[in-house]
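First comes the structure, then the notes that go with it.
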Amino acid sequence: MAAAESDTVPAVADDGKALGARLRAGDRSAAPAALNLVEDRSERGRAATAELLAEVSPAALGGDAPGHLVGLTGPPGAGKSTLLSALIDEWRARGRSVAVLAVDPSSRRSGGSLLGDRARIQHDPHDDAILIRSTAAGGRLGGLAAPTREAAQALAAAFDVVVVETVGVGQSETDVEEVCDTVAVVVQPGSGDTLQFIKAGIMEVPDVLVVTKADLGDVALRSRRDLAQAARATGAREIPVIAVSSVPPPSGIGELADALEAHRADIDLAARRLRSRRLTALRELVAEHGEAALRALGGRRSAERLLGELDPGLDVAALVAALRERATGQPPEPPIAENGPR
Ligand SMILES: Nc1nc2c(ncn2[C@@H]2O[C@H](COP(=O)(O)OP(=O)(O)OP(=O)(O)O)[C@@H](O)[C@H]2O)c(=O)[nH]1
Ligand SMILES: [Mg+2]
């Protein structure tokens, strides 16, 4: 592992290349500065971030970033943060380094009532194999802002597990699915969440379903049964449903860690990451230039086809640049149209 040259975090945002190279070498001490950089949305920050991300791109790494990108999502108060505290202990006991990007939706909630009961993620602050960072929410509840996606990408070069924690119900979870290798959807027992969840028909999203607060007893068992039934009814693939208790003494945590790992071992990671890069590129194109950019490419379908023809080793920025070039008929142009938020 490359030793940090100094113990001070670079104050300026122009060191993207060096930070990216350190992350690529597995130097986790570069992570906090890298996250600061990614959050710097000034022109200079963006340019340095692009350099950083190029250093951890599949091309630079000679393959996909090794970290396991885990999405953890579910309704407010379901027990996500408490569960993460227990999962972090489990992963550390297994010798894994863990980074958590907790998407903080609080600014988007009316009032603060939901926050009253909220737990923080507990962890050993002296353990440098753990990094916890709150990041701002994207445009919608559960939506991922670009810095969160970029941070996840960067951290996956240096941490064994990178968790993106979001609050979400229904459709909003698909954002996490787009970025992560494995998505765990968390519901608490007897809350109506379970039913709503089943009715909403979002069974495509979870790779693993988690019922929290198993210590509550029967009500948790019932929720687990209902969910398992709904999961089976969707047919296509088997979704494990795991009941966990995160308060001492924890239970089900090892089983959940196993299920997450098993999923990751089971998927075609390269294909999932490639799909993720392409979907992200489309999303960024639209965020930058509005739907008009898609129209200029002949619609979403045709844009997807175009992406399919591009070099699979390209990173998101390169894919966006290629799309932009096609859409405008020439390299970097001012925005095609202001279409406002979707
Ligand atoms: N009995 C019991 N309570 C739990 C368990 N896990 C979490 N809780 C409680 O449930 C409440 C919400 O837990 P959080 O971990 O903050 O839930 P969250 O999903 O992160 O909530 P938001 O961040 O607000 O979306 C807290 O009061 C926790 O103490 C559990 O396993 N058993
Ligand atoms: Mg939380």
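7 Å from Cα along Cα→Cβ at both residue 266 and residue 328: what's the point-to-point distance in nm?
Roughly 4.4 nm, to one decimal.
For a footprinting-style exposure proxy, rank 213, 80, 17 by other Cβ within 10 Å, fewest first.
17, 213, 80
If each residue's Cβ is checked for other Cβ atoms within 10 Å, how do 218, 104 rank with the fewest at the top?
218, 104
Taken together, the values in this text are just the output of simple stated rules run on the coordinates, not laboratory data. Note that this is a predicted model, so its numbers are computed, not measured. Here Cβ is always computed from backbone atoms with ideal geometry, including for glycine, and neighbour counts include all displayed protein chains.
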